[in-house]
Amino acid sequence: MTVGLYSALAASASVFIGILTALLVNNLVKLKSEKDLVERRIESLDSRIQGLKQEKNALEEYATNIEEPRFPEKGRFSPEYQHIDSTSSMVAADMMADVQSTRQHNERHRRWNQIRAQLESFNSEQERFSDRYESLDSSGVESTLYASVITILLSVGLPLFAYLLRISGVILFSGFSWLEPVVVFVVWAVGLGYVLYHLNTQVASVKNDIE
């Protein structure tokens, strides 16, 4: 009867630990996978941000007052100016050069504004992904996996070892036949309680994070 108790304890604990370990490993794989995806997205955003910053710096170095649009010089386009110098090819060339310079400046200004808006968007997205990356902490799952190893030793290994001793004819507590199954059962319960405690701690931690 005692041998049957030991085998039943080991079998019940092994089923529970097997299911628990499978769930924990599955969660750990999912966490690692999601963390890798988030990390690659952060790296992609960082690369795009660096490229935009370089382009923005180049625009700021190339053009003065890039923050403001530019307008053609009004004097050159006034009726009086055109009437007086309408036959001057130099005046026409200056006017065209001024228009072209103004157009180029405004194109750079529009691109500068686009880059600034993109940088704000990418920086905000990168910050969100960074927060997500920090939240994907696998230490809780890993600690519970390590706790399950101790549970395997106490709740499966020990009953199997006691079972082996029994069928080998070895009695640990001679004269106190009732003491051995009690000790084995207590250790078995402590092993299961240990991993359940870790699970309860992780659940409480998740609830506190949500709140």
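Please treat every number below as a calculation from the coordinates, not as lab data. Quantities reported herein were computed from a predicted structural model and do not represent experimental measurements. All Cβ positions, even for glycine, are placed from backbone atoms using ideal geometry, and neighbour counts span all protein chains on display.
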task: Mind putting a number on the dipole of region 89-170 about its Cα centre? Charges go on the C-beta only, +1 for Lys and Arg and -1 for Asp and Glu, and I need it in Debye to the nearest 20.
output: 220 debye
Leading residue at positive end of dipole, region 105-182 (Cβ point charges), from Pro181, Ser139, Asn106: Asn106
task: May I ask you to evaluate 6.51 cos²θ - 1.76 cosθ + 1.60, the Karplus curve with θ = phi - 60°, for each residue of region 146-155 and list the ³J(HN,Hα) values in order in whole Hz, giving x for glycine and proline?
output: 5, 5, 5, 5, 5, 5, 4, 5, 7, 9
